[in-house]
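Heads up, the thing below is written out as structure tokens.
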Amino acid sequence: MEVQALLRVAVVEDEPSVMAQIEGFLARYESERGVPMEITAFRDGSELLADYRPVFDIILLDIEMPQVDGMAAAEQIRRTDQNVVIVFITNMAQYAIQGYSVGALDFVLKPVDYYTFSVKLDRAVRLVDRRAASQIVLTLPGGAVRLDTRQIYYVEIQDRRLHYHTDQGEYVLRGSMKEAESQLSDRHFVRCNYWYLVNLYHVTEVRRDVAVVAGHELEISRRNRAAFMTALTNYVGGGA
């Protein structure tokens, strides 16, 4: 299994001995699988949630912690980050099963052994790989955000700034529409006019010279109409 990009992993564990063990397992996994990793350690769910940003690929999350337990932390994370892969680490199997309600991929029972850990991590890495093919990272003034391209409704250009309108709100960064088109070229994004790059996945209706995109009415210019309608027809017909 080959992973080209750096894998960002958060480990949330309040027991120092278990934390050290997991970090050792991750180092061994990185060496054996050739997976480059960036590991960030947290001693409690409260530390993970403090100024949380959706930058991690995988979170290895203990359930029983003194301040904010893993289940509560996962529930809060899912409000802003639907993409991160969560794997619970616990000594109580019945708690781990509840994790599926917050979209956890799997759980590892304590005491943790390397073989089981590596098998579970293989599964998590495969899921990260599949999702990465449809994700982009936006570099913002205050940091970065990772989005699945289907979360983006459309991209707007104003005064040399790109406005990404998404199901998580609006993100603004410096850039050109040419750069946005290049980044999203194979994700079914098409211009409806000079100002807007539309995600065809969210087009629900076309009325004369207007495309309805996730409830927003965007003008289709005369210059872009033929190409836009052809792309939309091919997209709908192909079921992509």
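Scanning segment 127-144 for residues that are surrounded by fewer than 14 Cβ atoms within 10 Å (Cβ to Cβ) and touching a residue at least 60 places away in the same chain (Cβ under 8 Å) yields GLY143, ALA144. Considering only segment 223-233, I want to know if a residue exists there that is touching a residue at least 40 places away in the same chain (Cβ under 8 Å) and among the aromatic types (Phe, Trp, Tyr). No, the conditions are met nowhere in segment 223-233.
Looking across segment 17-40 at every residue that is open to solvent by less than 50 Å² (accessible area, probe 1.4 Å), outside any loop (DSSP other than H, G, I, E, B) and of a type outside the set (Val, Ile, Thr), the one that is nearest to GLN168 (Cα to Cα) is identified as MET37. Note on segment 145-168: among residues that are open to solvent by 30 Å² or more (accessible area, probe 1.4 Å) and among the polar types (S, T, N, Q), the one that is nearest to the chain's Cα centre (by Cα) is GLN168. The conditions of being of a type in the set (Ser, Thr, Tyr), modelled with pLDDT under 90 and surrounded by 14 or more Cβ atoms within 10 Å (Cβ to Cβ) are met by TYR201. Listed by first and then second residue, the pairs with beta-carbon distance under 6 Å, at least 6 apart or on different chains, first residue in segment 188-210 and without any contact (Cβ under 8 Å) to a residue 40 or more places away in the chain and on the phi > 0 side of the Ramachandran plot, second among the aliphatic types (A, V, I, L, M) and crowded, with 20+ Cβ neighbours inside 10 Å, form an empty list.
The values are calculated or read from the model by the stated rules, or taken from the named source; none is laboratory data. The shown structure was predicted, so the numbers you read here are calculated from the model rather than taken from an experiment. Cβ sites come from the backbone with ideal geometry, for glycine too, and all protein chains shown count toward neighbours. Remember, those area values only see protein heavy atoms, side chains included, never the ligands or the DNA or RNA. Shrake-Rupley method; radii C 1.70, N 1.55, O 1.52, S 1.80 Å.
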